[in-house]
Amino acid sequence: MHDTNKDMAEQVIRMSGVNPRKCMKCGKCSGTCPAYDEMEYHPHQFVAMVEKGRIEELMASKSLYKCLSCFACVERCPRNVEPAKLVEAVRLLVIRQQGKNYLKAEDLPALLDEKIPQQALVSAMRKYSK
Amino acid sequence: MQRIGVFVCWCGSNIAATVDVAAVAEAMKNEPGVVYTTDYQYMCSEGGQSRIKQAIKDYNLTGIVVCSCSPRMHEATFRKTAVAAGLNPYMVEIANIREHCSWIHKDKEEATEKAVILARTAVAKLMLNAPLTSGTSPVIKRALVIGGGIAGIQTALDIADAGYEVDIVEKRPTIGGRMAQLDKTFPTLDCAACILTPKMVDAASNEKITLYTYSEVESVKGFVGNFSAKIRKKARFVDATKCTGCAVCTEKCPSRKAKNEFNMGLNNRGAIYIPFAQAIPNVATIDPEYCIHAKTGKCGICQKNCSAGAIDFDQKDEIIEREYGAIVMATGFQPIKLDNFEEFGYAQYPDVVTSLEFERLMNAAGPTKGTLLRPSDLSHPKTLVFVQCVGSRCSADAKDGKPYCSKICCMYTAKHAMLVREKYPDTDVHVFYIDVRTPGKNFDEFQRRAVEQYGVDYIKGMVGKVTKKGDKLMVQGSDLLNNEQITIAADMVILATAIEPDPSAKQIASLLTASIDTNNWMTEAHAKLRPVESPTAGVFLSGVCQGPKDVPETVAQASAAASKVIGLLSKDHMVTNPCVAQSNELLCNGCTTCEKVCPYGAIEYKDKPIVGPGVPRGTIRRVAEVNPAICQGCGACTVACPSGAMDLKGFTNRQIMAEVDAICK
């Protein structure tokens, strides 16, 4: 395991309060997920990848933003693993990276949609540009 | 003055790797009373024991301390050793330097220090030990079996076969239990009724066995070999001696609101009913909750139609008092309630059923006469989805479900899937599984047959949710091996529901002062070496009340419990524990606190002449007296006694204080 990945896995586990070792690999989270087909890594894989320390792959994956945070997986997990909280923790990890700008001011006009409230744009700028 | 020998055991490397045993033996040389110390590799071995015997003779020892494993392991062994060398068995003390020391410490220096303290404590107590002599109490040669399912029946048959009287108390109107509800039994697929009903008949016709059906144990007193139980025989409102079991009344009864428990509530029964055709006793029972006559005083249709004149609306509950030498728990199980597992839609959709309900739907004596019809519209289901581990294997901190594997579901699901494919080849059968757990003779072969010969589609994954679309149940789940989420349009969904102990077990366990675990399963005296005995002497465990089991295992355990009971009943007398309470009459102030806290009813208050220093001649006081035959030495009275009059032999207040002082030295 890559050292930074190991550190990051520990950080994800600490931030989320989730113990991925509790997972018994039943797949109920993936069986219940409404965004399953949109995802590259499905909820049960997400848990397994955190357990194995494959955090960089998760951070680079679009799956991270396909999770609706509906918490169906949290609600139904028989082992109380709470996969959605892991997703949220990895998202936070992405956001907390310094010097990585995901949103540049000059890209904004192309993304504009009149239905998006202005407040959302402001908060997106705050979150995704450092 | 005592002459004490201290024997420090290495237990191979179990103790010696963490505790400096030679240092412990050396340290004990300086303790008051100690005249001899040694250490040895295996003190419990024949070599070790003969060293103890030799030392007792050579050094004229009056007591020994063995520093070894838990007294639960080898106290009895070393007591026998002491007796063989002419010592009183109660002049033996064990210092537990394995479980309490070497196994739980890593640092050798610390562990050695603690071992020395534990040894010193045992020596301090032994200094105050006095020889004790066991008494005897008679054994009543009759057993009580609580629960009349396959476990209780098998235990009773085996005990009766050995020539002892047995009573079976069953709370339902018939014996037979859960097994009577099953259709076929794995792995041989013989019909449950065909193999169970002959045993039910055997139990009923055996002259040594008395059946108390529709009865409950109300209270239990006493102790091993000498229990006394009160059994409430509930009123059936039918004279069992007259009823012929013709069942005319059950057809004529106009009340049809009661759920038929035998069919898991899938249909209704009359207020007067016989649970099933082979019920034993084959006698009708009136359910007063639904009986129109019981509610309004009018009706009596059953009475008018009974040619035997067996209906007796004035029948009252009867209390039977009996004495028993041994009690067997065989209280069985029930499926858990699925109300909180909303994702499976059990409460919403009638075609989502539990496996036990499915058993009834496949059974020739069930509500559909054995034709598989789905409950909502009585149509023939084409696509069936089985879901395993529903409510089993849940995290202990999950809001619902049980943390254990229910053990029987993998096999009965394979059985159901196979039976459906055999009977209805036009069906598609899918099974969602997390793991297939089929250890057991011919079990894995059985499950493979379902896949390979019957074409049952096993999907590794779990169902996330069940919804309804038209007349189909949309089952959405994950197929982990193909890494996809799938949705199956099903006609029926069968949930392999977790099992839990019958709710009566908890209450009966407290009557018997027998212990249960966090899931209400009965606890064994030793998980590995005494699996059919409860820690409460004279109480034995048979069948699923101890933990999930299939029929073959239940029968094996039932027979094992019976053999333990037979072993007990074959004795004329029991040797009693001499470590019982005794009251110092000079100190007793007659407050009766001890009498109130005694769980065994061993303490009585009597007017007694008191003779002692400072007591005027002819003084009579009301003081406590302990019946040593009933006292179990629990010590509750010694703590409750406000005047310090009550003491426990072998564990006197002085001895306990000496131990505390030795630890704190």
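The values are calculated or read from the model by the stated rules, or taken from the named source; none is laboratory data. Just so we're clear, the structure is a prediction, and the values are computed from it rather than from any experiment. A quick note on method: Cβ atoms are made from the backbone with ideal geometry, for glycine too, and the neighbour counts reach across all protein chains shown. Accessible surface is based on the protein model in full, side chains and every heavy atom, while ligands, DNA and RNA are left aside. Shrake-Rupley method; radii C 1.70, N 1.55, O 1.52, S 1.80 Å.
Observations on the structure shown:
- Some residue of region B:367-383 being at pLDDT below 95, more than 19 Å from B:Gln476 (Cβ to Cβ) and among the small types (Gly, Ala, Ser): yes
- Complete set of residues in region B:276-289 that are crowded, with 22+ Cβ neighbours inside 10 Å and either assigned to a loop (DSSP other than H, G, I, E, B) or out of contact with any Lys or Arg (no Cβ under 6 Å at 6 or more places or on another chain) (or both): B:Ala279, B:Ile280, B:Ala284, B:Ile286
- Applying the condition of being open to solvent by 50 Å² or more (accessible area, probe 1.4 Å), over 11 Å from the mean Cα position of the chain (by Cα) and within 25 Å of B:Cys394 (Cβ to Cβ) to region B:508-541 and asking which residue is modelled with the lowest pLDDT yields B:Ala527.
- Picking from residues in region B:459-473 that are within 14 Å of B:His430 (Cβ to Cβ) and open to solvent by 40 Å² or more (accessible area, probe 1.4 Å), the one that is farthest from the other protein chains (Cβ to nearest Cβ) is B:Lys472.
- Residue among B:Pro613, B:Pro642, B:Pro628, B:Pro609 that alone is open to solvent by 30 Å² or more (accessible area, probe 1.4 Å) and either assigned by TED's automatic domain parsing to the domain that holds B:Ser219 or touching a Cys at 6+ places or on another chain (Cβ under 8 Å) (or both): B:Pro642
- Lone qualifier among B:Glu93, B:Glu110, B:Glu75 - being without any contact (Cβ under 8 Å) to a residue 12 or more places away in the chain, of a type in the set (Asp, Glu) and farther than 30 Å from B:Asp550 by Cβ: B:Glu110
- Filter pass, B:Asn263 being touching a helix residue (DSSP H, G or I) at 6+ places or on another chain (Cβ under 6 Å), over 14 Å from B:Asp287 (Cα atoms) and touching a residue at least 60 places away in the same chain (Cβ under 8 Å): yes
- Looking at B:Glu357, B:Glu321, just one residue is surrounded by fewer than 22 Cβ atoms within 10 Å (Cβ to Cβ) and among the acidic types (Asp, Glu), and that residue is B:Glu321.
- Against the numbered list (1) over 26 Å from B:Thr467 (Cβ atoms); (2) in contact with a helix residue (DSSP H, G or I) (Cβ under 6 Å, 6 or more places away or on another chain); (3) surrounded by 20 or more Cβ atoms within 10 Å (Cβ to Cβ), B:Pro335 comes up short only at (1).
- Scope region A:72-87; condition more than 14 Å from chain B (Cβ to nearest Cβ) and either within 15 Å of A:Tyr41 (Cβ to Cβ) or part of a loop (DSSP other than H, G, I, E, B) (or both); matching residues: A:Leu86, A:Val87
- For region A:29-66, the set of residues classified as in contact with a helix residue (DSSP H, G or I) (Cβ under 8 Å, 6 or more places away or on another chain), buried (at least 24 other Cβ atoms within 10 Å of the Cβ), in a helix (DSSP H, G or I) and at the interface with another protein chain (Cβ under 10 Å from one of its Cβ atoms) consists of A:Cys29, A:Ser30, A:Thr32, A:Pro43, A:His44, listed by residue number.
- Between B:Gln447, B:Gln476, the distinction of being within 14 Å of chain A (Cβ to nearest Cβ) and surrounded by 14 or more Cβ atoms within 10 Å (Cβ to Cβ) belongs to B:Gln476 only.
- Residue match in region B:281-297 (condition: under 20 Å from B:Ile153 (Cβ atoms), of a type in the set (S, T, N, Q) and within 28 Å of the chain's Cα centre (by Cα)): no
- Single residue of region B:421-444 satisfying the filter (in a loop (DSSP other than H, G, I, E, B) and over 24 Å from B:Gly464 (Cβ atoms)) that is most open to solvent (accessible area, probe 1.4 Å): B:Lys441
- Residue match in region B:384-393 (condition: modelled with pLDDT of 95 or more, on the phi < 0 side of the Ramachandran plot and more than 14 Å from chain A (Cβ to nearest Cβ)): yes
- Residues satisfying the stated conditions in region B:399-411, i.e. under 21 Å from B:Phe341 (Cα atoms) and either buried (at least 18 other Cβ atoms within 10 Å of the Cβ) or more than 14 Å from every other protein chain (Cβ to nearest Cβ) (or both): B:Gly401, B:Lys402, B:Tyr404, B:Ser406, B:Lys407, B:Ile408, B:Cys409, B:Cys410
To keep it simple, each residue is scored yes or no on (1) assigned by TED's automatic domain parsing to the domain that holds B:Thr285; (2) more than 20 Å from B:Ile320 (Cα to Cα).
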residue	(1), (2)
B:Val201	no, yes
B:Ala204	no, no
B:Glu207	no, no
B:Leu211	no, no
B:Tyr214	no, no
B:Val220	no, no
B:Val238	no, no
B:Thr241	no, no
B:Cys253	yes, yes
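- Checking each residue in region B:480-495 for being touching a Gly at 6+ places or on another chain (Cβ under 9 Å) and surrounded by 19 or more Cβ atoms within 10 Å (Cβ to Cβ) picks out B:Leu480, B:Gln485, B:Ile488, B:Val493, B:Leu495.
- Residue check: B:Met362 meets all listed conditions (1) open to solvent by 20 Å² or more (accessible area, probe 1.4 Å); (2) more than 30 Å from B:Ile508 (Cα to Cα); (3) within 34 Å of the chain's Cα centre (by Cα) but one, namely (1).
- A:Phe46 being in contact (Cβ under 8 Å) with a residue 40 or more places away in the chain, of a type in the set (Phe, Trp, Tyr), in the same structural domain as A:Ile13 (by TED's automatic domain parsing) and out of contact with any Asp or Glu (no Cβ under 6 Å at 6 or more places or on another chain): yes
- The number of residues in region B:560-585 being crowded, with 17+ Cβ neighbours inside 10 Å and part of a helix (DSSP H, G or I) comes to 8.
- Unmet requirement for A:Ser69, which otherwise passes all of (1) within 11 Å of another protein chain (Cβ to nearest Cβ); (2) outside any helix (DSSP H, G or I); (3) farther than 14 Å from A:Val81 by Cα: (1)
- Condition check for A:Met8: more than 10 Å from every other protein chain (Cβ to nearest Cβ), open to solvent by less than 40 Å² (accessible area, probe 1.4 Å) and either touching a strand residue (DSSP E or B) at 6+ places or on another chain (Cβ under 6 Å) or modelled with pLDDT of 95 or more (or both): no
- Some residue of region B:66-82 being open to solvent by 10 Å² or more (accessible area, probe 1.4 Å), in the same structural domain as B:Leu118 (by TED's automatic domain parsing) and more than 26 Å from B:Ala527 (Cβ to Cβ): no
- Test: residue in region B:650-657 that is under 35 Å from the mean Cα position of the chain (by Cα) and among the charged types (D, E, K, R): no
- Residue within region B:593-601 that is modelled with pLDDT of 90 or more, surrounded by 18 or more Cβ atoms within 10 Å (Cβ to Cβ) and touching a strand residue (DSSP E or B) at 6+ places or on another chain (Cβ under 6 Å) present: yes
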